[in-house]
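Just below is one structure, and these are the notes that go with it.
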Amino acid sequence: MNRDQLHHIRTDYARATLDESHAPALPTDLFQRWLNEAITAKIDEPNAMTLATVGSNLRPSVRTVLIKEFSPAGIIWYTHYSSRKGQQLAGNPFAALQFHWVQLERTVRIEGRVEKVDAAQSDAYFASRPKLSQVGAWASPQSQVIAGRAELDARVAAQEARFAQADELPRPETWGGYRLVPDYWEFWQGRPSRLHDRLCYRLENNAWHMQRLAP
C-alpha cells in the first residue's frame, strides 16, 4: 500500500452522538452503559483494552489485555507480575487504558494509579480459569526470551505432567491481578467530518468534573 492509498482511507462516523446534557454525572455509569452496549452488539472482543505503561527509561510501551472485573473502585486485569508490564508497574504505578469499539465508533480512555488486587481475589479468579490456561500461567516465563516454540511446548508438557492428577492448581506467586484506579476518563464518539464528540471526567477533590474537549 502506498502513501496515496493511505491518504484516501476515510470513514465518516454517524452512528450516535455524545452530549453533556444526556451524560451521567459519574464516568463509571457511562462506561458501564457503553460496555454493556458493546457486549450486546456482539462485537469482537468487547473486553479487549490497550494498556500503556512507562519504564524506568521513560519510554512507553503498550499491549492488549482483557478487562476481567469492573466496579466504581476500578478496572481489573490479570497477568504475570514478572512480565515487562509488571516490572514497569513496579517502578512506576501509573498507567493508561483504552477501549476501541470500532463498530460502535467509540473509544474510552482511562488514566490512573495501578495497584495489585489482594491475593484472595487473584486466587478466586485463577481458580475460575480452564485448567489448560492455569497450566499456561505456570509454563510461560512471560516477556522473557525463549529459544523457540519448541521450548514453550516443552515447558507446557512438563507442567501438564506435574499437575496431571491435580483437580485444582495453585496460583503461581508471580501471577495475579492489577486494578487501575481512575482519576481521568475520556469518552469519544465518532461524528461526521471529524467533528467528534469528546467528554472527559477529571477527579478533583474527590469529585468528578465533566468537560467537553475539542475534537
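The table for this structure:
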quantity: Among the residues listed as LEU213, LEU203, the single one being surrounded by 10 or more Cβ atoms within 10 Å (Cβ to Cβ), of a type in the set (A, V, I, L, M) and closer than 17 Å to THR107 by Cβ; calculated: LEU213
quantity: Evaluation of VAL114 against (1) assigned to a helix (DSSP H, G or I); (2) aliphatic (A, V, I, L, M); (3) touching a helix residue (DSSP H, G or I) at 6+ places or on another chain (Cβ under 6 Å) (one fails), failing number; calculated: (1)
quantity: Output for the range 53-82, where each listed residue is over 18 Å from PHE99 (Cα atoms) and out of contact with any Lys or Arg (no Cβ under 9 Å at 6 or more places or on another chain); calculated: VAL54, SER56, ASN57, LEU58, ARG59, HIS80, SER82
quantity: Which listed residue is touching a Gly at 6+ places or on another chain (Cβ under 7 Å), modelled with pLDDT of 95 or more, within 18 Å of VAL181 (Cα to Cα) and not in a loop (DSSP other than H, G, I, E, B), from THR79, THR53; calculated: THR79
quantity: Filter result for GLY112 (more than 27 Å from ALA166 (Cα to Cα) and free of Cβ contacts under 8 Å to residues at least 12 places away in the same chain); calculated: no
quantity: Meets criteria (over 25 Å from ARG129 (Cα atoms), at pLDDT 95 or above, acidic (Asp, Glu) and in contact with a strand residue (DSSP E or B) (Cβ under 9 Å, 6 or more places away or on another chain)) for GLU111; calculated: yes
quantity: Residue in the range 21-40 that is modelled with pLDDT under 95, surrounded by fewer than 18 Cβ atoms within 10 Å (Cβ to Cβ) and closer than 27 Å to GLY190 by Cβ present; calculated: yes
quantity: Residue satisfying condition, being outside any loop (DSSP other than H, G, I, E, B), of a type in the set (Gly, Ala, Ser) and more than 17 Å from the chain's Cα centre (by Cα), within set ALA158, ALA166, ALA96; calculated: ALA158
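The values are calculated or read from the model by the stated rules, or taken from the named source; none is laboratory data. Quick caveat: nothing in here was measured; it's all calculated off a predicted structure. Virtual Cβ from ideal backbone geometry, glycine too; neighbours counted across all protein chains shown.
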